1. Return the residues of the stretch 152-169 that are in contact (Cβ under 8 Å) with a residue 24 or more places away in the chain and within 22 Å of residue 75 (Cβ to Cβ); say none if nothing qualifies.
2. Can you tell me which residue in the stretch 67-98 is nearest to residue 33 (Cα to Cα), limited to those that are in a helix (DSSP H, G or I) and more than 16 Å from the chain's Cα centre (by Cα)?
3. Given the criteria under 17 Å from residue 174 (Cα atoms) and either part of a helix (DSSP H, G or I) or not assigned by TED's automatic domain parsing to the domain that holds residue 195 (or both), does residue 102 qualify?
4. Can you find a residue in the stretch 21-41 that is touching a strand residue (DSSP E or B) at 6+ places or on another chain (Cβ under 7 Å), in a loop (DSSP other than H, G, I, E, B) and either at pLDDT 95 or above or in the same structural domain as residue 175 (by TED's automatic domain parsing) (or both)?
5. Among the candidates 204, 190, 178, 168, which residue alone is touching a helix residue (DSSP H, G or I) at 6+ places or on another chain (Cβ under 9 Å), assigned by TED's automatic domain parsing to the domain that holds residue 112 and closer than 30 Å to residue 84 by Cβ?
6. If the requirement is being touching a residue at least 60 places away in the same chain (Cβ under 8 Å) and over 19 Å from residue 105 (Cα atoms), which of these qualifies: 199, 176, 203?
7. Touching a helix residue (DSSP H, G or I) at 6+ places or on another chain (Cβ under 6 Å), modelled with pLDDT of 90 or more and surrounded by fewer than 19 Cβ atoms within 10 Å (Cβ to Cβ), is that true of residue 68?
């Protein structure tokens, strides 16, 4: 075999895994979007055969995407081997909020304690995306940008364990935020944008105490309003499958 033919063979060999990886990624992104936007409600079934037909591909990338979503807590495998969209356990919200508020404080304080411009460009970029999403009343984009904004702050703080844990908490709370944004008809109050801007100012100026104060107020406000929403809409929440 000549050199060119050998190269062609290697290229062909490499295309298979890339195609499978691409298929898995596309299924993962599509399902993740549908789960986070509640198009696939909590408790709804995720049958590999039907998903394979829906996406027009084999069951392998479907299974790989479901495993990835399971690792993120968005999908649950039942003992009978059925797979469903993970339910939202409202009874666990108090402990979830306790951990979330702590991570808001720890990461924001840590970011303010760090001098220089490390990660600031990323923080500002995600804040701009958040502001644009609020203006466009795009709830999914708001949730995505909000997550990236706070993860960037955690990355500036410099503790990878905190970053990983906080990212997981934010991911787990996306559907709760989606339910909450619906109470505004996706018209999020401008104060959320302004609060982010103040947090950026405190971090950039190195004002640790102000950053801490703002993070506490920001987290408390979100938690209080979500708790109020759940309390007001407990009947609607109970209608979600298996809650």
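1. Filtering the stretch 152-169 down to residues in contact (Cβ under 8 Å) with a residue 24 or more places away in the chain leaves 152-159, 162-163, 165-166, 168-169.
165, 166, 168, 169, listed by residue number.
2. Initially, the stretch 67-98 is screened for residues in a helix (DSSP H, G or I), giving 67-71, 90-98.
The next check asks that each one be more than 16 Å from the chain's Cα centre (by Cα); those that pass are 67, 90-95, 98.
Working: 67: 16, 90: 21, 91: 25, 92: 23, 93: 22, 94: 26, 95: 26, 98: 27 Å.
Among those residues, the one meeting the criterion is 67.
3. So residue 102 does not fit the description; no.
4. no
5. Working: 204 fails: closer than 30 Å to residue 84 by Cβ; 190 fails: closer than 30 Å to residue 84 by Cβ; 168 fails: touching a helix residue (DSSP H, G or I) at 6+ places or on another chain (Cβ under 9 Å).
When all the criteria are applied, what remains is 178.
6. On the way: 199 fails: over 19 Å from residue 105 (Cα atoms); 203 fails: over 19 Å from residue 105 (Cα atoms).
Every option except 176 fails the conditions.
7. Working: touching a helix residue (DSSP H, G or I) at 6+ places or on another chain (Cβ under 6 Å): yes; modelled with pLDDT of 90 or more: yes; surrounded by fewer than 19 Cβ atoms within 10 Å (Cβ to Cβ): yes.
It is true that residue 68 is touching a helix residue (DSSP H, G or I) at 6+ places or on another chain (Cβ under 6 Å), modelled with pLDDT of 90 or more and surrounded by fewer than 19 Cβ atoms within 10 Å (Cβ to Cβ).
Yes/no matrix, rows are residues, columns are (1) touching a residue at least 40 places away in the same chain (Cβ under 8 Å); (2) closer than 22 Å to residue 167 by Cα; (3) surrounded by 19 or more Cβ atoms within 10 Å (Cβ to Cβ):
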site: 37; (1), (2), (3): yes, yes, no
site: 47; (1), (2), (3): no, no, no
site: 80; (1), (2), (3): no, no, no
site: 106; (1), (2), (3): yes, yes, no
site: 111; (1), (2), (3): yes, yes, yes
site: 115; (1), (2), (3): yes, no, no
site: 122; (1), (2), (3): no, yes, no
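The values are calculated or read from the model by the stated rules, or taken from the named source; none is laboratory data. No experiment lies behind these values; they were computed from the predicted model shown. No Cβ is skipped: glycine too gets one built from the backbone with ideal geometry, and neighbour counts run over all protein chains shown.
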